Amino acid sequence: MHEPDRSIHTPRRMANTGKIEKAQLHVPDLAELCQVLQSGLNKNYSDVKVSVVDCPDLTQDPFGFPVKGLCGQPRITDVGGVPYLIPVAQLDKVYNMNTVSKEVELPGGFFLGAGAVSRKTTGMNAELMPLVLTEAEERPAVNASYFSSINPVDEKCLLEKYSDRFNDCDFGLLANLYACEGNPGQVIEVRACVRTGEESLVSSMRKTMEEHYGEKSVALGGTFVLQKGKAKIHIMPREFSACPLNTNEEVNNWLKHFEVSAPLIFQTVMVSKDPGLDLRVEHTHGFSHHGEGGHYYIDTTPDTAEYLGYFLPAEFVYRIDRPTETHDIGRD
Ligand code: ZN
């Protein structure tokens, strides 16, 4: 008997054919990392407390994640990149969170972070706040992501739940993601109030780690809430730029900037030192329960800013479909 060859009839996802690179990261002892972050954040915030705690139940308010915690085989991935967005958007760059979960050797894992929607699915360009429990055997994916776009009615921010509009787990162009099993467990808690320096919470943490760990790459992923105050964000326009964007100034003129209000729930990925994979070393997107969300820069109310966050160091970084032609424009 000869088995019929079914492979040519099996639909295959060809969207993501890029290569995958993997590097090990330095994972510091959590207590040591607390001390490092405490002393660094003290230079930027007047009231700081960094400690090791049990991760709060992230299925609860204000998070509403599809998993309880940030623990279990933590890893990060940088998929695609800004060079696929600018100078000219490459609309064939479509990725799928379930595929990515296998590529980072964590099928069924939970993913959070910052990315862009797929235009093929949504018919537009928009900021994506991925929160996805990827599919596993006998369990479909749970997509709790948000996306924010420019409302054509009033040119303001329009934040929507992804699953209210779309059914897939696709994204486009680029994403920086933290992945884990979504288990409860010990994490780093960061409380920081009243900003006294120029650095955002994420930049302050990342640069502190860069200063302390030097050539060793330490990556953190997690979530933080701006509990009081306001923040500066951007949202990409629904339409890609008609002309190529060749400088940071041109990119900033194309982006739409807003000041949005707490409480805002941000998802972040940061790497102290790029181990030579052309990584975006920090990327943070956030949502709210009052219709605002987007790409985070910094709070705009240093005197009243209050942050509470939970983070864990990643063990590996995976670089998926790294652009062969690269540049440093538009990575803020
Ligand atoms: Zn972004």
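Since every read-out is calculated from the coordinates, none of them should be taken as a lab result. All of these numbers come straight from a predicted model, not from anything done at the bench. Neighbour counts are summed over all protein chains in view; Cβ atoms, including those assigned to glycine, are modelled from backbone coordinates with ideal geometry.
Some notes on this structure:
- Value of relative contact order over the chain, rounded to a whole percent, pairs C-alpha under 8 Å and six or more apart: 28
- Counting only DSSP H runs of at least 4 residues, each contributing -39500 (n - 2.57), and dividing by the residue count of the chain, the helix-based mean residue ellipticity at 222 nm comes to -4000 deg cm²/dmol.
- Ordered by the count of other Cβ atoms within 10 Å of each Cβ, fewest first, Thr284, Thr301, Thr122 give Thr301, Thr122, Thr284.
- When each of Met209, Met124 is scored by the number of other beta-carbon atoms lying within 10 Å, the sequence from fewest to most is Met124, Met209.
- For the chain, diffusion coefficient by Stokes-Einstein and Kirkwood Rh (Cα), 37 °C, 0.692 mPa s, µm²/s: 164
- Oblate is the label for the range 138-253, because the ratio a/c of its alpha-carbon gyration tensor axes (a ≥ b ≥ c) is 1.5 or higher and a/b is not greater than b/c.
- Net charge of Cβ neighbours under 13 Å - reference Pro66; Lys, Arg +1; Asp, Glu -1: 0
- Sorted fewest first by neighbouring Cβ atoms within 10 angstrom, Phe224, Phe166 come out as Phe166, Phe224.
- Restriction of the GluC sites (Glu not before Pro) in the range 233-332 to DSSP coil positions whose beta-carbon has at most 13 other beta-carbons within 10 angstrom yields Glu239, Glu325.
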